[in-house]
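Have a look at the structure below, then the notes.
Taken together, the values in this text are just the output of simple stated rules run on the coordinates, not laboratory data. What you are looking at is a predicted structure, and each value in this text was computed from that prediction instead of being measured. In this analysis, Cβ positions are derived from the backbone assuming ideal geometry, glycine residues included, and neighbour counts consider all displayed protein chains.
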């Protein structure tokens, strides 16, 4: 491959990847947000499947219809009342903030009275780490119709119960995001590399990553950087007899993802990584069933 062509591919693969294989989910989320009888969606799926990317795409597409407010739960903010909404509370008087009932009313009025007439769309990411006060406030705003909501989590069961109740009551529609299939994985690789990818190379990457887009991105960058994937006659192929390999940076990337897991999930993964296979009944003696 010519140096110029390779440089262009390197720049592309290390940039922002396209959203591929999510047309149905995008349409479902968009329909829910534009439906006057629905208050929004709760998007679930394992880490790395593209939940946030999908929500951000929707928010950009509906930019003219909604005013976007982004909220994210975090381990640090979860220890403080209204930690996830601290930036919003700065728009309210101190007297209102100190009174829970007045605070809810103040937030409701803040979002119901947009000067431009647009409705507020709140994108709440990482629900599992959302503090209870913020969860209560968001649920209230949804129930009174002050906002539309895109809520993102890996598991509804691990999220504040207010969101599970909103889903069960029909206020929020549930959208489950799964791994990509082989066809979508191939299409995503071809789009990211700006050239067709051989079926053998795509299948190898798909089997290795399990169709997880975030893992696929990281591994593809490794393969291109190390030369394990090369462009030949306009098609990306894997080196002969070569399975995807990773360098230390890939290990570091995986460890970062593992460290972000809740303690119980991390302990379960560590145990299984040591013993290989463990009966579920035995595993449940050491880690919570959730």
Sort 145-152, 62-69, 195-202 for me by packing, meaning the mean count of neighbouring Cβ atoms within 10 Å per residue, highest on top.
145-152, 195-202, 62-69
Can you pull the one-decimal nm distance between simple spin-label points at residue 161 and residue 92, each 7 Å off the Cα toward Cβ?
2.3 nm
Can you give me the three principal axis dimensions of segment 58-124 from its C-alpha atoms, in Å, biggest first?
34, 28, 15
Please arrange 88, 224 by how many other C-beta atoms lie within 10 Å of their C-beta, fewest to most.
88, 224
With Cα coordinates, the longest principal axis of the chain makes an angle with the long axis of helix 100-112, in degrees rounded to 10, of 70 degrees
Run through all the Cα pairs of segment 23-176 and give the fraction in each 5 Å bin from 0, expressed as whole percent.
2, 10, 20, 23, 22, 14, 7, 2, 0, 0
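What number in nm² do you get for segment 102-248 if you take the convex hull of its Cα atoms and divide its surface by four?
Taking a quarter of the hull surface, the average projection is 12.7 nm².
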Separation in nanometres of the label points that stand 7 Å from Cα toward Cβ, at residue 283 and residue 271:
0.9 nm
At q = 0.08, 0.09, 0.11, 0.14 Å⁻¹, what log₁₀ I(q)/I(0) does the chain have when each alpha carbon counts as one equal point scatterer in the Debye sum?
-0.44, -0.55, -0.78, -1.09
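Tell me, 38, 153 in order of fewest to most beta-carbon neighbours within 10 Å?
Details: 38 15, 153 24.
Ordered from fewest to most neighbouring Cβ atoms within 10 Å, 38, 153 come out as 38, 153.
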Pair residue 239, residue 63: separation of 7 Å Cα→Cβ label points (nm):
4.2 nm
